[in-house]
1. Suppose we keep only residues that are in contact (Cβ under 8 Å) with a residue 60 or more places away in the chain and β-branched (Val, Ile, Thr) within segment 1-50. Which one would you say is least open to solvent (accessible area, probe 1.4 Å)?
2. Identify, please: which residue in segment 62-117 is among the hydrophobic types (A, V, I, L, M, F, W, C), touching a strand residue (DSSP E or B) at 6+ places or on another chain (Cβ under 7 Å) and assigned to a loop (DSSP other than H, G, I, E, B) and is, among those, surrounded by the fewest Cβ atoms within 10 Å (Cβ to Cβ)?
3. Run down Ala25, Ala75 and say which single residue is in contact with a Phe, Trp or Tyr (Cβ under 8 Å, 6 or more places away or on another chain), modelled with pLDDT of 95 or more and within 16 Å of Ala110 (Cα to Cα).
4. Can Gly57 be described as open to solvent by 30 Å² or more (accessible area, probe 1.4 Å), out of contact with any His (no Cβ under 7 Å at 6 or more places or on another chain) and part of a loop (DSSP other than H, G, I, E, B)?
5. Output the residue which, of all residues in segment 118-127 that are open to solvent by 50 Å² or more (accessible area, probe 1.4 Å) and either among the small types (Gly, Ala, Ser) or farther than 16 Å from Leu28 by Cβ (or both), is modelled with the lowest pLDDT.
6. Does Tyr40 qualify as being within 23 Å of Val86 (Cα to Cα), hydroxyl-bearing (Ser, Thr, Tyr), modelled with pLDDT of 95 or more and touching a Lys or Arg at 6+ places or on another chain (Cβ under 9 Å)?
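The values are calculated or read from the model by the stated rules, or taken from the named source; none is laboratory data. Because the structure is predicted, anything quoted here is derived from the model rather than measured. When we count neighbours, we look across all protein chains shown, and the Cβ atoms used for this are built from the backbone with ideal geometry, even at glycine. Quick note on the areas: whole protein, heavy atoms, side chains included, nothing else; ligands and nucleic acids left out. Shrake-Rupley method; radii C 1.70, N 1.55, O 1.52, S 1.80 Å.
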Amino acid sequence: MFTHVTVGANDVEASRKFYDAALGALGLEPAAGPDPKGRYWWRTRMGAFAVGAPIDGEAACHANGGTIGFYARDADAVRAFHDAGVAAGGRSIEDPPGERQGPFGPMTLAYLRDPSGNKICAMHRPR
């Protein structure tokens, strides 16, 4: 459904380090970039994610009520994502990482705020 997601950052280098750590725990390579507009990109066969300063020159702000979810291959990867993200300047939010029962069955989740306040999540659904 999605080709890419981009979030704004006021400290792009802090955000790059955070996402290199958190997404690296999910098995992604470090970011490519910066591109000509100063954005860093993480790409997979399923899509791309980018972080950069807003192109309009205004300050970046998070989407209140918005969440970006990242695929995790297993429950251990969800926990590694959480721990790496916190160690790299993120903030743990909501419930502690772990299994939840949702309307679509069991899943393992971890929620973080990145250095700019964007809300992200790693999720694993057992088959």
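1. Step one: of segment 1-50, the residues in contact (Cβ under 8 Å) with a residue 60 or more places away in the chain are 5, 7-11, 14-15, 17-22, 24-26.
Next, only the ones that are β-branched (Val, Ile, Thr) stay: 5, 7.
Numbers: Val5: 47, Val7: 13 Å².
This residue is Val7.
2. Our first condition is that a residue be among the hydrophobic types (A, V, I, L, M, F, W, C); within segment 62-117, this holds for 63, 68, 70, 72, 75, 77-78, 80-81, 84, 86-88, 93, 104, 107, 109-110, 112.
Checking the rest, the ones that are also touching a strand residue (DSSP E or B) at 6+ places or on another chain (Cβ under 7 Å) come to 68, 70, 72, 75, 77-78, 81, 86, 93, 107, 109-110, 112.
Pick out the ones that are also assigned to a loop (DSSP other than H, G, I, E, B) and you get 72, 93.
Details: Ala72: 25, Ile93: 12.
Here the residue is Ile93.
3. Numbers: Ala75 fails: in contact with a Phe, Trp or Tyr (Cβ under 8 Å, 6 or more places away or on another chain).
Within the list Ala25, Ala75, the selection yields Ala25.
4. On the way: open to solvent by 30 Å² or more (accessible area, probe 1.4 Å): yes; out of contact with any His (no Cβ under 7 Å at 6 or more places or on another chain): yes; part of a loop (DSSP other than H, G, I, E, B): yes.
Judged against the criteria, Gly57 is a match.
5. Residues of segment 118-127 that are open to solvent by 50 Å² or more (accessible area, probe 1.4 Å), as a first pass: 123, 125-127.
From what's left, either among the small types (Gly, Ala, Ser) or farther than 16 Å from Leu28 by Cβ (or both): 125-127.
Values: Arg125: 94, Pro126: 90, Arg127: 81.
Across segment 118-127, the extreme among qualifying residues is Arg127.
6. Working: within 23 Å of Val86 (Cα to Cα): yes; hydroxyl-bearing (Ser, Thr, Tyr): yes; modelled with pLDDT of 95 or more: yes; touching a Lys or Arg at 6+ places or on another chain (Cβ under 9 Å): yes.
Yes, satisfied.
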